[in-house]
Amino acid sequence: MKLGIVGLPNVGKSTLFNAITNTQAEAANYPFCTIEPNVGIVAVPDERLDVLAEMYHPEKYTPAVIEFVDIAGLVRGASKGEGLGNQFLSHIRQVDAILHVVRCFEDENIVHVDGSVDPLRDIETINMELIFADLDIVQKRIDRAQKNAKADKAALAEVDLFDRVRQTLEAGQCVRIMDLTEEESALVEAADLLTAKPVIYVANMSDSSFDLEGNLYRKVADFAIAEHSEVLPLCARTEEEISELSDEDKALFLADLGLAESGLNRLIKKSYSILGLISYLTAGPKEVRAWTIRKGTKAPQAAGKIHSDFERGFIRAEVVSFDDLTACGSYNRAKEKGLVRSEGKEYVVRDGDVVLFRFNV
């Protein structure tokens, strides 16, 4: 799963990317410092794996991962090709969700492409470019469905759906705010619209003015709430500095701040969540591992994440919840207490299930 980091130039995208991935993408004070997207694979923090590792002392420890893509700053006119816009928009089209970095700090030493700091104007600039790009796709979809409707009356429903999508876009709103049925959502998802992708607005603040009641942050938070999107305040520069510390120094630094975890850990977890992803766990002396699945995945398909043979020859899943397993102290003890369940093909795997699959091929 991929998340694209977007925003205007010089809002802190590459600094945030460096912090998330602990790499050194170039972060400079001029537009289009990033042209080709930087890509980083990041482990999803999961304290449950640490507990299981203490129980089993495995040879391997494998967390779930998520991919972050640092996409160059968009500018006004990107949908018409301004500022290498077509190239940048194609990069956004390839991701599953968006981290929209919004500048919420004043700094006369860092250039703003529009000359002043205004989070809502910046959000509107990015969103309008994505809306313009979507309008082209939607109009082509409507034209095609209208042609098909002459021979296939079912296509009339598609015409109606994408006409509503067009009206939403023309009103300056993103498709993700629309109230769609499951069937309609599937059609819209297949159209690969930029404004239908889930988004987290990352309010990039300065460490000297990290104020959740401040005017700049409140503007972003209120906008996100109205759009039913997520918002997360953090200071990308501070998070980058934290990411460079050893685990011990990092823990001490966060403790001094009175924080249980870094803003980045919260961001990575929130990113995992907005994609509708959960983790089930496997544990033993050879490996403790988190496996990524979508919410609602049934046992055979979850087994297929490990190996296609597991899905093809699925017999049953032996399941114990993480809480029950750790309370008992061992798998055998949980089994003696009747806490290990035998589940069949219709079982929907839950987040935190510790699973042993039985199969035969």
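For A203, the requirement of being assigned to a helix (DSSP H, G or I), within 30 Å of A133 (Cα to Cα) and either open to solvent by 70 Å² or more (accessible area, probe 1.4 Å) or in contact with a Pro (Cβ under 9 Å, 6 or more places away or on another chain) (or both) is not met. From the list V159, V165, the one residue that fits, being open to solvent by less than 20 Å² (accessible area, probe 1.4 Å) and among the hydrophobic types (A, V, I, L, M, F, W, C), is V165.
Among the residues of the range 93-148, the ones that are loosely packed, with under 15 Cβ neighbours inside 10 Å, outside any helix (DSSP H, G or I) and without any contact (Cβ under 8 Å) to a residue 60 or more places away in the chain come to 3 in all.
When S271 is tested against (1) free of Cβ contacts under 8 Å to residues at least 12 places away in the same chain; (2) open to solvent by less than 30 Å² (accessible area, probe 1.4 Å); (3) of a type in the set (G, A, S), only condition (1) is not met. Applying the criterion of being small (G, A, S) and surrounded by fewer than 16 Cβ atoms within 10 Å (Cβ to Cβ) to the residues of the range 289-324, the residue that is nearest to the chain's Cα centre (by Cα) is G296.
Checking T181 against (1) under 24 Å from I225 (Cα atoms); (2) in contact (Cβ under 8 Å) with a residue 12 or more places away in the chain, which test does it fail? Just one mismatch for T181, condition (2). Scanning the range 48-71 finds no residues that are at pLDDT below 85, of a type in the set (K, R) and over 16 Å from Q94 (Cα atoms).
Of the listed requirements (1) open to solvent by less than 20 Å² (accessible area, probe 1.4 Å); (2) in contact with a Lys or Arg (Cβ under 7 Å, 6 or more places away or on another chain), E230 misses just one: (1). Checked against (1) part of a loop (DSSP other than H, G, I, E, B); (2) surrounded by 19 or more Cβ atoms within 10 Å (Cβ to Cβ); (3) of a type outside the set (F, W, Y), L180 passes all but condition (2). Residues in the range 1-20 that are touching a Lys or Arg at 6+ places or on another chain (Cβ under 9 Å), within 11 Å of E240 (Cα to Cα) and not aliphatic (A, V, I, L, M): G12, T15. If you filter the range 212-224 down to residues that are without any contact (Cβ under 8 Å) to a residue 12 or more places away in the chain and closer than 15 Å to V102 by Cα, you find that the one that is surrounded by the fewest Cβ atoms within 10 Å (Cβ to Cβ) is N215. Look at the range 291-313: where a residue is farther than 23 Å from D96 by Cβ and a partner is among the charged types (D, E, K, R) and surrounded by fewer than 16 Cβ atoms within 10 Å (Cβ to Cβ), sitting 6+ places away or on another chain with Cβ atoms under 7 Å, you get A299/K345; P300/K345. Across the range 208-266, the qualifying residues are those that are out of contact with any Pro (no Cβ under 7 Å at 6 or more places or on another chain) and of a type in the set (F, W, Y), and the one among them that is nearest to V11 (Cα to Cα) is F210. Of everything in the range 235-264 that is among the aliphatic types (A, V, I, L, M), in contact with a helix residue (DSSP H, G or I) (Cβ under 8 Å, 6 or more places away or on another chain) and free of Cβ contacts under 8 Å to residues at least 60 places away in the same chain, the residue that is surrounded by the most Cβ atoms within 10 Å (Cβ to Cβ) is L254.
Quick check on the range 36-47: of everything there that is in a loop (DSSP other than H, G, I, E, B) and modelled with pLDDT under 80, which residue is most open to solvent (accessible area, probe 1.4 Å)? Out of the qualifying residues, it is E36.
Could we say that D323 is out of contact with any Asp or Glu (no Cβ under 9 Å at 6 or more places or on another chain), under 23 Å from A43 (Cβ atoms) and free of Cβ contacts under 8 Å to residues at least 40 places away in the same chain here? Against the criterion (out of contact with any Asp or Glu (no Cβ under 9 Å at 6 or more places or on another chain), under 23 Å from A43 (Cβ atoms) and free of Cβ contacts under 8 Å to residues at least 40 places away in the same chain), D323 qualifies. Among the criteria (1) surrounded by 19 or more Cβ atoms within 10 Å (Cβ to Cβ); (2) hydroxyl-bearing (S, T, Y); (3) in contact with a strand residue (DSSP E or B) (Cβ under 9 Å, 6 or more places away or on another chain), the one T195 does not fulfil is (3).
The values are calculated or read from the model by the stated rules, or taken from the named source; none is laboratory data. Since we're looking at a predicted model, the values are computed, not measured. Positions of Cβ are backbone-derived with ideal geometry, glycine not excepted, and every protein chain shown enters the neighbour counts. Surface areas here come from the heavy atoms of the whole protein model, side chains and all, with no ligands, DNA or RNA. Shrake-Rupley method; radii C 1.70, N 1.55, O 1.52, S 1.80 Å.
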